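Remarks on the structure that follows.
Every number here is computed from the coordinates shown, using simple stated rules; none is lab data. These numbers were taken from a predicted model, which means no experiment stands behind them. All Cβ positions, even for glycine, are placed from backbone atoms using ideal geometry, and neighbour counts span all protein chains on display.
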Amino acid sequence: MALEKKVDEFINHNTKEWLDKINSVNMPNEKERPVLEIQQRLDRLELVINWNMRLFDILKEKPNFERHGLKASISVTYKLNDLKIIQPYARSIQESLRTFHYTNSKITDKFVKLIAVTKNKAQASLLEGLQIEWKQGEYKLQKFAADIEKSVKNFEDAVYDAIEKS
């Protein structure tokens, strides 16, 4: 009986904590932000995704609460649905950015001119993210994510081809 009570207290505490996290999220404000932003990192400026990735942890926790028979309110469900729509695009954009930064670090003076055009195309695609906001809809996010994935992949291929040839 004491163990059951402790388990119930634990579940209630975590449920309240989870609901507080969700209720503290202001989705309209989150979605007003541009997809990408420029941040100072160490001694240079870097293009980064402009999204609180911890919000996706909230999505991961939802099945755990449902297993315990807990139901979310309509407002919480609405926020979770918004997160579900944005998550795959945010992850894809984040992965493209990582790939771009990693590939860019592989460029040497030997072949920098050979891949300049491809790099500029990839950068131009990425910079579009400064103009796009999360609220602009699934189609716009999907198109942007696909475009940068393609341009970054072309950049990556060009760099590794240049590395092989040098």
note = Given backbone amide H placed at 1.01 Å from N, residues whose amide H is under 5 Å from that of Asn50, ignoring those fewer than 5 places away on the same chain, are Leu36, Glu37
task = Determine the distance separating the Cα centre of the range 127-142 from the Cα centre of the range 54-93; give it in Å without decimals.
result = 21
query = Residue farthest toward the positive end of the dipole of the range 71-166, with Cβ of Lys/Arg at +1 and Asp/Glu at -1: which of Ser75, Phe144, Phe111?
reply = Ser75
request  = Could you work out the mean projected area of the convex hull around the alpha carbons of the chain, in square nanometres to one decimal?
outcome  = 13.1
note = Using alpha-carbon coordinates alone, the radius of gyration and Dmax of the range 28-124 in Å work out to 18.6, 61
For the range 43-90, Kirkwood radius (reciprocal of mean inverse C-alpha pair distance, Å) = 12.5
inquiry  = Please compute the length gained on full extension between Leu70 and Asn14, using 0.36 nm multiplied by the number of residues separating them and subtracting their Cα-Cα distance.
reply    = 19.0 nm
ask   = So what is the relative contact order of the chain, in percent, for Cα pairs below 8 Å that sit 6 or more residues apart?
value = 29
request  = May I ask you to evaluate 6.51 cos²θ - 1.76 cosθ + 1.60, the Karplus curve with θ = phi - 60°, for each residue of the range 42-47 and list the ³J(HN,Hα) values in order in whole Hz, giving x for glycine and proline?
outcome  = 6, 9, 8, 8, 9, 7
message = Suppose each label sits 7 Å from its Cα in the direction of the beta carbon; what would the Gln131-Arg44 distance come out to in nanometres?
response = 2.5
R0 of 41 Å, Cβ-Cβ distance Lys113-Lys140: FRET efficiency to nearest 0.05 = 0.75
Table column - 3J(HN,Hα) (Hz), the range 53-62, Karplus curve with 6.51, -1.76, 1.60, x for Gly and Pro = 5, 5, 4, 6, 5, 4, 4, 5, 7, 4
query = Glu37 to Arg98: extension gain in nm, 0.36 nm per residue of separation minus the Cα-Cα distance?
reply = 20.5 nm
